[in-house]
Structures are given as structure tokens and as C-alpha cells.
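Next up is a structure, given as C-alpha cells.
What follows is calculated from the coordinates using simple rules that are stated; it is not laboratory data. Bear in mind the structure is a predicted one, so any value in this text is a computation, not a measurement. Every residue, glycine among them, receives a Cβ derived from its backbone with ideal geometry; neighbour counts consider all protein chains shown.
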Amino acid sequence: ILNVEQSPQSLHVQEGDSTNFTCSFPSSNFYALHWYRWETAKSPEALFVMTLNGDEKKKGRISATLNTKEGYSYLYIKGSQPEDSATYLCALHSGGGADGLTFGKGTHLIIQP
Amino acid sequence: NAGVTQTPKFQVLKTGQSMTLQCAQDMNHEYMSWYRQDPGMGLRLIHYSVGAGITDQGEVPNGYNVSRSTTEDFPLRLLSAAPSQTSVYFCASSSYNQPQHFGDGTRLSIL
């Protein structure tokens, strides 16, 4: 069982502030790192799939970086808005892409107006 | 375009009963998987398939069977339900190394 860790577990941020959180994973046997956004009572929605060391991806105010050598990825949200409140999940795809995804437990983000 | 469709949305079973959770996708995705979501545990992989006729175990496969006779369908079977299988179940599909598309989930209670 692969150990994918996310920190912090939960986070309260004031509206308008920027924030970031971490996903750590074993760097051996890395194939891809996924980020998902999961709102309450909905299903997870994909944000990014990252495969290359040093990769940086951006979607509106949300961006992510990847360091496969040290085994971590950061997710950044710039100028947080109430609609950003959700649980953010990262998931590791290992085994040359032939294995399933291993999810972290998520970072629960609450944006306070 | 329906995406990933899971049925039923809710189900209550008695211990020892069997049932099948259905999952269908219309995006011609090779890769399909089943997860369960429990409080404090995140999403845990039960079984997955990389194509028709191919299935493999995930992190928590015990008590569940799957089959993949067609590209579109990936049913999850509980042969003898146990209270520990009370959970929310999500099915997902994707093309190879692409983001996963999730169904709306099935909330299952075992009494």
C-alpha cells in the first residue's frame, strides 16, 4: 500500500487571501500525480494530471507544481473565494501506469467571507 | 453524453444479502475503477480494470467481485453484505493517464 499524505488536513482561509497545501508521495515508481476538487454532495472533479518533474500547471486562480525526485506536489489558490471551499485530493498513479490510483485523505479548505 | 452513470443512488441491505452496483460509461474509456469513501479514510481503491476482460485488485478488495465483459460496464458485486461494507461507492473511468471521471456515487447501508 502506497503512502500518499496530504497536509494540512483542514484549513480556514480568509476570503481574498492566497493559500497552498501539500501532497507527499513515495518518489520511487512514480508515473503521474492527479489533483481533484471535491465539493460536498458532489463527485470529485479533475484539476490536473502531472507527469514531469518540475511541471507547473495552472487553471484560473489554481496552480500546482510537482517535484518527483523529492516526492511532493503543491497546490496553490490565489485570492481565495467562497466557491473555492471544497476538499482537495491528490492521487498517485504508479507502477508504470498499470496500477490504480492511490488517493490521499484530502485537505478540507474553508474560505471565510 | 451521460458520462459515468451509477445505479442505484441509494440502497439498504440486510447482512448476508447480495447485490450488484452498476457502473456504465459512454466515453469509450479503457480504464475503470471502483472506490469506497469512508469518514476519515478518503477514497480507497477496491478494484480496477485497464480494459475489457482485465481486472485487478486495489487496496481493499475483500468482499467484492468485479468483471469487465464490455468496455462500457464495470459492475461491483457484494456476494454476502457485511455492516463493514456500509459506505459511499464511487465508480470512475478515464482514458490512459488522463483525469478520472467520477459517477455520482452509491450510498449503501448494511443493517
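For the protein assembly as shown, what number of Lys pairs, 8 or more residues apart or on separate chains, have alpha-carbon atoms under 17 Å from each other?
Lysine pairs satisfying the spacing and distance rule in the protein assembly as shown number 5.
If packing is taken as the mean number of other Cβ atoms within 10 Å per residue, what is the order of B:69-76, A:2-9, highest first?
B:69-76, A:2-9
Would you kindly state the longest site-free stretch of chain A, with sites defined as trypsin sites (Lys or Arg not before Pro) in a DSSP loop (not H, G, I, E, B) surrounded by at most 16 other Cβ atoms within 10 Å?
Formally, the longest exposed-site-free interval is A:1-41.
Can you list the HN-Hα couplings for segment B:76-89, worked out from phi with the Karplus curve (6.51, -1.76, 1.60; θ = phi - 60°), rounded to whole Hz and with x for Gly and Pro?
With the stated coefficients, segment B:76-89 comes to 10, 10, 9, 7, 8, 4, 10, x, 5, 8, 4, 5, 9, 10 Hz.
I would also like to ask the following. Describe numerically, in nm with one decimal, the distance between label points set 7 Å from Cα along Cα→Cβ at A:Ser10 and at B:Lys9.
Output for this residue pair reads 2.7 nm.
While we're on this one: How much net charge surrounds A:Ala41 when only other residues with a Cβ under 14 Å from its Cβ are counted (Lys, Arg +1; Asp, Glu -1)?
Taking every other residue near A:Ala41 into account, the sum is +1.
Right, next: Among A:Cys23, A:Asn67, A:Gln81, which residue has its Cα positioned farthest towards the positive end of the charge dipole of segment A:19-105, with +1 placed on the Cβ of Lys and Arg, -1 on the Cβ of Asp and Glu, and the dipole taken about the Cα centre?
Toward the positive end, the furthest listed residue is A:Gln81.
I've got another one for you. With a Förster radius of 30 Å, plug the Cβ-Cβ distance of A:Glu45 and A:Asn3 into 1/(1 + (r/R0)^6) and report the FRET value to the nearest 0.05.
Approximately 0.75, to the nearest 0.05.
Over all directions, what mean area does the Cα convex hull of chain A project, stated in square nanometres?
6.6
Hey, got the average number of other protein chain Cβ atoms within 10 angstrom for residues in B:98-104?
6
Please compute, for peptide B:60-70, the average count of beta-carbon atoms on other protein chains lying within 10 Å of each residue's beta-carbon.
Partner-chain Cβ atoms within 10 Å, mean over residues of B:60-70: 0.
If you count, for every residue in A:38-46, the Cβ atoms of partner chains within 10 Å of its Cβ, what is the mean?
5
Of the DSSP beta bridges with both residues in chain B, give the percent that are antiparallel, rounding to the nearest 5.
Here the share of antiparallel DSSP bridges comes out near 90 percent.
About the Cα centre of the protein assembly as shown, what is the dipole size in debye to 20, counting +1 per Lys and Arg Cβ and -1 per Asp and Glu Cβ, all else neutral?
In total the dipole reaches around 300 debye.
How far is the Cα center of segment B:2-43 from the Cα center of segment A:30-55, in Å?
One Cα centre to the other: 20 Å.
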